[in-house]
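Okay, so here's the structure we're looking at.
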Amino acid sequence: MNIIANHSLQGSNTFALPGRAEYFCRVESAGELHQALAFARQRRLPVSVLGEGSNIVLAGDLKGLVIQMGLRGVQVVAQGRARALVTAAAGEPWRDLVTKLLEQGCYGLENLALIPGLVGAAPIQNIGAYGVELNDFLVSLEAVEISSAEVRQFNREQCGLAYRDSIFKGALRDAYIITSVTLSLHREPRVNISYPALKVALAEYPEDKIRPDLVCETVSRIRRQRLPDPASEPNAGSFFKNPVINAKRARDLRERYPDMVQYPQVDGAVKIPAAWLIENAGWKGRRGPHCAVHADHALVLTQFGDARGRDVLDLAGEIVADIDQRYGIRLEMEPRVLGDCEKPD
Ligand code: FAD
Ligand code: EPU
């Protein structure tokens, strides 16, 4: 395993933001991970973990050791008539896992097709799309504690998964490196097409023709149409979480903005698409000096190739202030900010 000093991370985040790691290594086995942690412990270095860098805003250089996950392997560890238990290593690309399992007749992840990133990052924000989230299938995960290098198992309840949230973003932030996840998948084809856009896209098909592979293809098609490809337009997907407000505030806002899209939740709260708030405040397509609100999806910020993290965070800050002033809703960022913002020139 090679530990590189002063390594550029610009090619390791989908926003293509500049920043350097004081030390960087890619680990491809449990042994290499332990060596990397020992290196950091001996030098008292902070440790950060990177997957594909598709949910971070790099706001400058990173002190200490940045470990990129390269652990591979997918194994069916148990199977019965109804369910299969599958363990996938943290360095497997999520989108490949979805297609691989579909081919093997393990169903359920189709709605999560084409989400960028690696398996190890999936529990961090409980990835979700088109009516399904990781929480629906996660059984347990294995993680290594950064401070002690001890291996620990977490069952689903211990992970504290919620909408774009987990214990690894809260009380255990930066404390563990996830090395594998175990999922329980259906052995019989079953589909979930409750998400409105998916239902509409599949409306022409008779119910018995809507099988998991069709759902996977349809979700992939919708995603390609709606979301910019980071390879040509650097971005980190949704930049803000969709805010959840109480029913009374939602009614008040509906009176003021009759067109506002609102999604009632099972607990009575109401989720508002942040994209609607941002578009209706006139931000969609608005360009700053080095970055912009995407012209086709108001929840995606993109940069033109020469932005620094600070430029993106400045634009985000303006949007948050404006949305707060107009609607009394404070948007929360979805991606994690890593690194210190450079001082203004
Ligand atoms: P990174 O960005 O590398 O890391 C994200 C965070 O997780 C960091 O804090 C990092 O330190 C931590 N981390 C990463 N790996 C580990 C590990 N093994 N152990 C401990 N901590 C770790 N997300 C959705 O939920 N739904 C979507 O539909 C969706 N669509 C997207 C579309 C686009 C175009 C893009 C660019 C992003 C999208 N995302 C979506 C966000 C992103 O794909 C997910 O959050 C994904 O899980 C991030 O994986 P990653 O490997 O890139 O993680
Ligand atoms: N909308 C607008 N303007 C836009 C885009 C959307 O007003 O420019 C409104 C429309 O009313 C639309 C609604 O927002 O119906 C929702 O849009 P969309 O279906 O694109 O979903 P989203 O709320 O923007 C969320 C997730 C996505 C996930 C999709 C599909 C969050 C923060 N984002 O986006 O996840 O893929 O639903 O389930 O929850 C991500 O996390 O990075 C991500 C892309």
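The values are calculated or read from the model by the stated rules, or taken from the named source; none is laboratory data. Since this is a predicted model, take the numbers as computed values, not measurements. Neighbour counts are summed over all protein chains in view; Cβ atoms, including those assigned to glycine, are modelled from backbone coordinates with ideal geometry. Remember, those area values only see protein heavy atoms, side chains included, never the ligands or the DNA or RNA. Shrake-Rupley method; radii C 1.70, N 1.55, O 1.52, S 1.80 Å.
Some observations on this one:
- Loop-resident trypsin sites (Lys or Arg not before Pro) (DSSP state other than H, G, I, E or B) in the range 265-345 with no more than 16 further Cβ atoms inside 10 Å of their Cβ: 286, 330.
- Residue 254-residue 30 pseudo-label distance in nm [points 7 Å out on the Cα-to-Cβ vector]: 5.3 nm
- Checking the cross-link pairs 63/271; 63/100; 209/241; 248/284; 169/199 against a 30 Å limit on the alpha carbon distance flags 63/271; 63/100; 209/241; 169/199 as lying beyond it.
- Put simply, when 196-208, 292-304 are sorted by average Cβ atoms within 10 angstrom per residue, most first, you get 292-304, 196-208.
- Check: the range 17-165 dipole with +1 on Lys, Arg Cβ and -1 on Asp, Glu Cβ, in debye: 240 debye
- Computed magnitude of the charge dipole of the chain (debye, nearest 20; Cβ of K, R +1, Cβ of D, E -1): 380 debye
- Hydrodynamic radius of the range 201-259 by the Kirkwood approach over all distinct alpha-carbon pairs: 15.3 Å.
- Förster radius 35 Å - calculated FRET efficiency between residue 194 and residue 173, Cβ distance, rounded to 0.05: 0.65
- Protection proxy ranking of 115-128, 311-324 - average other beta-carbon atoms within 10 Å, highest first: 115-128, 311-324
- Cα-centre dipole for the range 1-90 with unit charges at Cβ (Lys and Arg positive, Asp and Glu negative), debye to 20: 260 debye
- Amide H contacts of residue 52 (H built 1.01 Å from N, under 5 Å, at least 5 apart or other chain): 118
- With helices as the sole contributors, the chain gives -7500 deg cm²/dmol at 222 nm; each DSSP H run of n ≥ 4 counts as -39500 (n - 2.57), and the sum is divided by every residue.
- Ligands, DNA and RNA are left out, and with a 1.4 angstrom probe the accessible area of the range 159-200 is 47 Å² per residue.
- Extended-chain gain in nm, criterion 0.36 nm per residue less alpha-carbon gap, residue 42 and residue 139: 31.5 nm
- Beta bridges from DSSP with both residues in the range 1-136: antiparallel share about 55 percent, rounded to the nearest 5.
- Highest mean packing comes first when the peptides 28-36, 52-60 are listed by Cβ atoms within 10 Å, giving 52-60, 28-36.
- Apportionment of accessible area to carbon and sulfur, the chain, percent (1.4 Å): 47 percent
- For the range 187-204, putting each phi into the Karplus relation 6.51 cos²θ - 1.76 cosθ + 1.60 with θ = phi - 60° gives couplings of 8, 9, x, 9, 10, 10, 10, 6, 5, x, 5, 6, 4, 4, 5, 9, 4, 6 Hz, in residue order, rounded to whole numbers and with x for Gly and Pro.
- More than 32 Å apart - percent of Cα-Cα pairs taken over the chain: 34 percent
- Loop-located trypsin sites (Lys or Arg not before Pro) in the range 28-58 whose Cβ has at most 10 other Cβ within 10 Å (DSSP): 44
- Signed unit charges on C-beta, dipole axis of the chain, positive-most listed residue 316, 266, 234: 266
- Bridges between two residues of the chain, per DSSP, are antiparallel at a rate of about 75%.
- Alpha-carbon centroids, the range 291-345 and the range 226-248: separation in whole Å: 11 Å
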